[in-house]
Structure formats: C-alpha cells, structure tokens
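Trainee: The structure follows.
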Ligand SMILES: Nc1ncnc2c1ncn2[C@@H]1O[C@H](COP(=O)(O)OP(=O)(O)OP(=O)(O)O)[C@@H](O)[C@H]1O
Ligand SMILES: [Mg+2]
C-alpha cells in the first residue's frame, strides 16, 4: 500500500461531498478537511497544507476555476486535482489551464481515483522539490476573492456596508483590497468615502474597450485606509450603461491583482449586477426590515435560485437602516424564505458618517454598526479573532 495522502476536499454540494468522502475513505487516503468554494477553501488550504486538494468542478465554472487557482496559492505544495461531471473539451482545457494536475470524470471508481491521485501526486512532488525548495508557502494567502453587495431596493445600506466592509477587510487582513463601484454613473462610494476621483470606472472601461494598455494604478484611488477605490463617474452626462460582459471581465482582471474585491452595486437588479454576482465568491443580499425591501429580497432570491445560483455563495444580510419596526430576525427569515447570515443594527452614527464622507469603521470604530461590520470582515476575510474580547474589535460571532 502506498503513502496515506492528506486530502482537502472542495465541493459546495454537501451531499456530493459526503459521497466523495466515502469513496476516498475506502482508499489509503485521509480527508483532513472539507470546504466549499472560495474563501473557505483557500483558508483551509493555507491552514492545513494538505498533500492534495481535490476540487469538484461544477457550474458556475468561473467560481470553481478561481477556487482552483486560489488554493494553489494558499497551499503551493499541494497537488490540485479535479473531479467533474462536465466533460466538454473546453471545460477540461480550462481546468488544466487553471493548474489542475489531473482530471477525473464522474462517476468514477475508487480504484481509478486512487491511481490518478497517486500518479498526479508523485509527478507533482518531483517538480515541487525543485521549484519550491527555497520558497516557503505563504500560510496567510487568501487571494482573488470577490464579495458583491447587492439588493434590489434603494437605500437599504449597500454602499454603507460595502465601503465599511472594504476598509475593515483591508485593516484586518493586511491584504490588497479594492472597492469597485459598479453603479457607473450614480454610485455613491466616492462621496461616502470623501474621495475626489480623477479617473472612474467608465474611464477604465473605455480605455480597455479601446484596446489601450492600462495601468490599473492610474485608475484606482488610494484611500488613506490603504484601500484602493474604483469610483463611479458623476458628471451629469449619463452615457450608455456599461455592458455586463465588460463589468465581468474588469472584475476578473482586478481579482488577478487584488486579494479581495468588494463590489458595490446599484439598487436595481440589471445585467451588470447579475454579471458581478456570477463572478463573486460571496454575494451579500442586503435588505432592510420594511416589507417593500423584504418583498424585493424574496423576489431576487427566488429568481437567483431558479437560475441555479449556488446557495453557498448567497448570504442574506439584514440592515436596520430605518428604525421603524419591531420585526424579529426569525420573522424576517420566514418572510424572505432564507436564513439570515448577518444582522446590522440601526445606528444613528451611520447617517452622520455618510454626510461627512467619513467611514464609520475608521472614524467611530466603537459605534455599534462599525463593530458589527468589523465582525463580518473578520469572518469573511479569515482573520483571527481579536485578543481583547471587550474591545471594539471583539470579533467573531459567527451567525451561521
Ligand atoms: N444601519 C444603519 N443605521 C442607520 N442608518 C443607516 C444604516 N445603514 C444605512 N443607513 C443610512 O441609510 C441611507 C442609505 O444608505 P446607503 O446609501 O448605504 O444605501 P444604498 O442601498 O447604497 O442605496 P442606493 O440603492 O441608493 O445606492 C444612508 O443615509 C445611510 O447613512
Ligand atoms: Mg448605494
């Protein structure tokens, strides 16, 4: 019997994960961890440094492929291997270009899986010994994660959440973080952050469409918090809304340069928002507690579920932007028909900070809303909990 390899299993479908685990359990191979796509996979890969990362690739392909790339950065000594029901030559080619060392078509037998795993691992180990002998793995690497904040109702707190979350993720992880305002002509990110923008998202899209060589640094504004911001254009001249594919392609490009992208979206659910969601590792659907917003949230959820959007990536967030009700979280969850991932309190400090263009997490980090955003940032960014539980950064109360 060969060596007992340690395998990290990456599969967003819990039932399918159990089947794969059972198959692997019959081999001389140990499953040391299980994860869904995205941040969870990269964080566990970095933490466990397994011998093999076995990724189940399914639609949406972009997220599966990004996960495949990210786990390699998080655990460069692990052998990336893919299992999939998708057998198109195009899919296999994209999987191999994303760095997989082997591809097993499902359904498969334990024997075939074992042989592929061992052959891929042995070959990979030889090249690893040469290439990585002087290059220790970066255990903190979590890269290219896209978090999109959306909600079909205006004024529910998307921009408030996106701006503060981006600053908090940058502060808690020390990673490169960019905030992108996809609401190309009406977005409020710049104003909420007190930024004067020389170049904007439509400018960058124009330059890319014209085939120009672009230096991203020219278009992104560096905020004093260390965050990079790609703001909207406010000229009074509203031109054609950017094409959805242009938004998707821009996000992919930025994700190649930043560890985290936080994306703020307009209060309507158009093709641009759908494109951003497709690219996202995590989609935060924001609703306030009033019935109009709850109804809109339920409609978007139903439509995303109907389109097969992966529920592991879809998180419902309640922001008490107005203070007009006594509805409980349980009532809200029932009304939307989805579990609540995170709740933000009503906080009078928020409108003041919006007015002044001074993000709450920076200027009043102990405000109730700021503390809650920091907790979410720690959760999504994979940062360690704070030492001092009583402090403003007394983080990490996982909701689900
Ligand atoms: N938790 C909160 N407590 C109090 N006020 C809040 C809270 N969250 C947001 N607000 C306030 O609600 C208003 C709308 O917030 P914001 O601009 O973030 O919403 P939005 O969803 O981005 O709106 P739009 O769809 O127009 O882009 C702002 O004045 C903001 O200060
Ligand atoms: Mg907004």
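The values are calculated or read from the model by the stated rules, or taken from the named source; none is laboratory data. Being a predicted model, the structure only gives us computed values, none of them experimental. With ideal geometry, Cβ positions are generated from the backbone for all residues, glycine too; neighbour counts draw on all protein chains shown.
Trainee: Have a look at 45, 75, 62 and point out the one that is under 26 Å from residue 378 (Cα atoms), in the same structural domain as residue 24 (by TED's automatic domain parsing) and at pLDDT below 90.
Mentor: Details: 45 fails: at pLDDT below 90; 75 fails: at pLDDT below 90.
Matching residue, one of 45, 75, 62: 62.
Trainee: Could you please find all residues in segment 330-363 being surrounded by 15 or more Cβ atoms within 10 Å (Cβ to Cβ), within 16 Å of ligand 2 (Cβ to nearest atom) and assigned to a helix (DSSP H, G or I)?
Mentor: 350, 353, 354, 360 - these are the residues of segment 330-363 that are surrounded by 15 or more Cβ atoms within 10 Å (Cβ to Cβ), within 16 Å of ligand 2 (Cβ to nearest atom) and assigned to a helix (DSSP H, G or I).
Trainee: Is there a residue being buried (at least 21 other Cβ atoms within 10 Å of the Cβ), touching a residue at least 24 places away in the same chain (Cβ under 8 Å), in the same structural domain as residue 162 (by TED's automatic domain parsing) and assigned to a helix (DSSP H, G or I) anywhere in segment 258-272? Don't jump to the end; show me each part of the working.
Mentor: At the first step, the residues of segment 258-272 found to be buried (at least 21 other Cβ atoms within 10 Å of the Cβ) are 258-266, 272.
Narrowing the set further to residues that are touching a residue at least 24 places away in the same chain (Cβ under 8 Å) leaves 258-266, 272.
Restricting the remaining residues to those that are in the same structural domain as residue 162 (by TED's automatic domain parsing) gives 258-266, 272.
Subset that is assigned to a helix (DSSP H, G or I): 272.
Checked segment 258-272: at least one residue is buried (at least 21 other Cβ atoms within 10 Å of the Cβ), touching a residue at least 24 places away in the same chain (Cβ under 8 Å), in the same structural domain as residue 162 (by TED's automatic domain parsing) and assigned to a helix (DSSP H, G or I).
Here is a yes/no grid of residues against (1) at pLDDT 80 or above; (2) more than 16 Å from ligand 2 (Cβ to nearest atom); (3) surrounded by 23 or more Cβ atoms within 10 Å (Cβ to Cβ):
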site: 124; (1), (2), (3): yes, yes, no
site: 139; (1), (2), (3): no, yes, no
site: 149; (1), (2), (3): yes, no, yes
site: 154; (1), (2), (3): yes, no, no
site: 166; (1), (2), (3): yes, no, yes
site: 195; (1), (2), (3): yes, no, no
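Trainee: Condition first: more than 21 Å from the chain's Cα centre (by Cα), in a strand (DSSP E or B) and surrounded by 17 or more Cβ atoms within 10 Å (Cβ to Cβ). Can you find one or more residues in segment 11-20 that meet it?
Mentor: Looking for residues that are more than 21 Å from the chain's Cα centre (by Cα), in a strand (DSSP E or B) and surrounded by 17 or more Cβ atoms within 10 Å (Cβ to Cβ), one finds none in segment 11-20, hence no.
Trainee: Condition (residue is out of contact with any strand residue (DSSP E or B) (no Cβ under 9 Å at 6 or more places or on another chain), at pLDDT below 95, buried (at least 16 other Cβ atoms within 10 Å of the Cβ) and under 22 Å from residue 38 (Cα atoms)) applied to segment 384-400: is it met by at least one residue?
Mentor: Yes.
Trainee: Let me ask something else. Kindly indicate which of 149, 169, 156, 180 is within 22 Å of the chain's Cα centre (by Cα) and under 11 Å from residue 226 (Cβ atoms).
Mentor: 169
Trainee: Let me ask something else. State the number of residues belonging to segment 201-224 that are under 14 Å from residue 254 (Cβ atoms), part of a loop (DSSP other than H, G, I, E, B) and either within 16 Å of ligand 2 (Cβ to nearest atom) or under 22 Å from the mean Cα position of the chain (by Cα) (or both).
Mentor: 1
Trainee: Going residue by residue through segment 64-78, is there one that turns out to be more than 18 Å from the chain's Cα centre (by Cα) and either surrounded by 22 or more Cβ atoms within 10 Å (Cβ to Cβ) or part of a helix (DSSP H, G or I) (or both)? Full working, then the answer.
Mentor: In the first step, residues of segment 64-78 are kept if they are more than 18 Å from the chain's Cα centre (by Cα); the result is 75-78.
From the residues that got through so far, the ones that are either surrounded by 22 or more Cβ atoms within 10 Å (Cβ to Cβ) or part of a helix (DSSP H, G or I) (or both) too are 75, 78.
Within segment 64-78, one or more residues are more than 18 Å from the chain's Cα centre (by Cα) and either surrounded by 22 or more Cβ atoms within 10 Å (Cβ to Cβ) or part of a helix (DSSP H, G or I) (or both).
Trainee: Can you say whether residue 287 is surrounded by 14 or more Cβ atoms within 10 Å (Cβ to Cβ), within 16 Å of ligand 2 (Cβ to nearest atom), free of Cβ contacts under 8 Å to residues at least 60 places away in the same chain and on the phi < 0 side of the Ramachandran plot, as far as the supplied structure shows? Break it down into steps so the answer makes sense when it comes.
Mentor: Details: surrounded by 14 or more Cβ atoms within 10 Å (Cβ to Cβ): yes; within 16 Å of ligand 2 (Cβ to nearest atom): yes; free of Cβ contacts under 8 Å to residues at least 60 places away in the same chain: no; on the phi < 0 side of the Ramachandran plot: yes.
Taking the combined requirement at face value, the residue does not satisfy it.
Trainee: Next question, about the same structure. Does segment 155-194 hold any residues that are more than 19 Å from residue 370 (Cβ to Cβ), within 15 Å of ligand 1 (Cβ to nearest atom) and part of a loop (DSSP other than H, G, I, E, B), and which are they?
Mentor: 155, 182, 183, 184, 185, 186, 187 - these are the residues of segment 155-194 that are more than 19 Å from residue 370 (Cβ to Cβ), within 15 Å of ligand 1 (Cβ to nearest atom) and part of a loop (DSSP other than H, G, I, E, B).
Trainee: Would you check if residue 221 is within 16 Å of ligand 1 (Cβ to nearest atom) and out of contact with any helix residue (DSSP H, G or I) (no Cβ under 7 Å at 6 or more places or on another chain)? Spell out the reasoning first.
Mentor: On the way: within 16 Å of ligand 1 (Cβ to nearest atom): no; out of contact with any helix residue (DSSP H, G or I) (no Cβ under 7 Å at 6 or more places or on another chain): yes.
The answer is no for residue 221.
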